Amino acid sequence: MNNLEYKREFLKLKKEKNAVLLAHYYQIPEIQDMADYIGDSLGLAKTAVDIEADIIVFAGVHFMAETAKILNPGTKVLLPDLEAGCSLAASCPPVDFKKFKKLHPDHIVISYINCSAAIKTLSDVICTSGNAVQIVESFPKNQKIIFAPDKNLGGYINRFTGRNMVLWDGICEVHDILSTEMIIKLKIEHKDAKLIAHPECKAPVLELADFVGSTTGMLNFTKNDESKKYIVATETGIIHQMKKKSPNKEFIVVPSDETCSCNDCPYMKMNTLKKLYLCLKNETPEINLADDVINNALKPIEKMLDISMKHKLVK
Ligand code: 13P
Ligand code: SF4
């Protein structure tokens, strides 16, 4: 079958099996365009809570599909490729993190959603790039906090809020690789462009940015801002939505190295139309988690959703 046929067959099966397709912005454009819901980690998590379908096909990476399962344990959750992991989640092994926690017994743990279910069970509250500052700021200034696993996001929040959270030494290989040299070169070439960056980028990159935010935050910024050109320091997939929302604007991705003009997440890009079709046809690979993991990982995620909701009501 070719891609068009995989797409047609997938959509047919989706109807027959009462399935829903959730996709992250870093997926290939063809998958983004087929999705019932597309969003950042926060949006995807919120959406997963209320889904009433029999099957969720998750076009994203493993920790995202796990989060959907934790939030909606009664629904079968499929991930087209089980190898679609995340370098950031992998940089925080639970055994080592348990030891790290013991070194800081009077600290609470705030974990970025890009971590395994096992790390979530060791956390007091979860945050995403879309609400990290808000979650941290919901605690008193004198609260001692461990922030895991992304030291770039944690460092950004420390600078933004004037806190001194203890940071786990993890990074996302896709964002951490983006260099200030490359960005300065692009800024010189495109003097009329604004720089927008994901908070998983290194501190010097974030210092240069006109806007720092989640994928949804960046997308909304480019839609509502008056500029016509943007240098985008994140994964290439988001450009598809930016162009759809603002067809007359120009978007330049900060490349991961001199030899290419893109910055792809190798894990996000493991999902293909063929794998999407096969996983729904065979109903595998499925995300399965033990009940105690679901229960213990759910608490810090629910706490995050509670804090997000309270904030919305106050606004
Ligand atoms: P967002 O929640 O901002 O979409 O980020 C997810 C992610 O994996 C970034 O690398
Ligand atoms: Fe993980 Fe980085 Fe890929 Fe996001 S871009 S899924 S943080 S490896």
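Taken together, the values in this text are just the output of simple stated rules run on the coordinates, not laboratory data. For clarity, every value in this text was computed on a predicted model and none was experimentally measured. Please note: Cβ atoms are built from the backbone with ideal geometry, for glycine as well, and neighbour counts cover all protein chains shown.
Taking a label point 7 Å from the Cα of Ile252 along the Cα→Cβ vector, which residues of the stretch 192-230 have an amide N closer than 14 Å to it?
192-196, 228-230
Which links in Lys102/Lys275; Lys120/Lys244; Lys99/Lys274; Lys249/Lys269 stretch past 32 Å when you go from one Cα to the other?
The answer is Lys102/Lys275; Lys120/Lys244; Lys99/Lys274.
Taking the Cα centre of the stretch 89-228 as origin, sum charge times position over the Cβ atoms of Lys and Arg (+1) and Asp and Glu (-1), and report the length of that vector in debye to the nearest 20.
In total the dipole reaches around 360 debye.
In angstroms, what radius of gyration and Dmax does the stretch 223-284 have, counting Cα atoms only?
15.4, 47
Under the classification rounded if a/c is under 1.5, otherwise prolate if a/b is larger than b/c and oblate if not, where does the chain fall, given a ≥ b ≥ c as square roots of the Cα gyration tensor eigenvalues?
Here the chain falls in the oblate category.
Sorted from largest down, give the three principal axis spans of the alpha carbons of the stretch 169-270, whole angstrom values.
Computed over the stretch 169-270, the largest-to-smallest principal extents equal 36, 31, 26 Å.
State the percent of C-alpha pairs, over all pairs in the stretch 244-315, separated by a distance greater than 15 angstrom.
79 percent
Taking one equal scatterer on every alpha-carbon of the stretch 87-156, how large is log10 of I(q)/I(0) by Debye at q = 0.11, 0.17, 0.27 1/Å?
Values, matching the q order: -0.23, -0.56, -1.41.
List the trypsin sites (Lys or Arg not before Pro) in the stretch 189-237 that DSSP assigns to loop (not H, G, I, E or B) and whose Cβ has at most 13 other Cβ atoms within 10 Å. Which are they?
Taking the stretch 189-237 and a limit of 13 other Cβ atoms within 10 Å, the loop trypsin sites (Lys or Arg not before Pro) found are Lys191, Lys228.
So what are the three principal axis dimensions of the stretch 96-213 from its Cα atoms, in whole Å, longest to shortest?
49, 27, 20
Divide by every residue of the chain the summed helix terms, -39500 (n - 2.57) for each DSSP H run of at least 4, and state the resulting mean residue ellipticity at 222 nm, rounded to the nearest 500 deg cm²/dmol.
-13500 deg cm²/dmol
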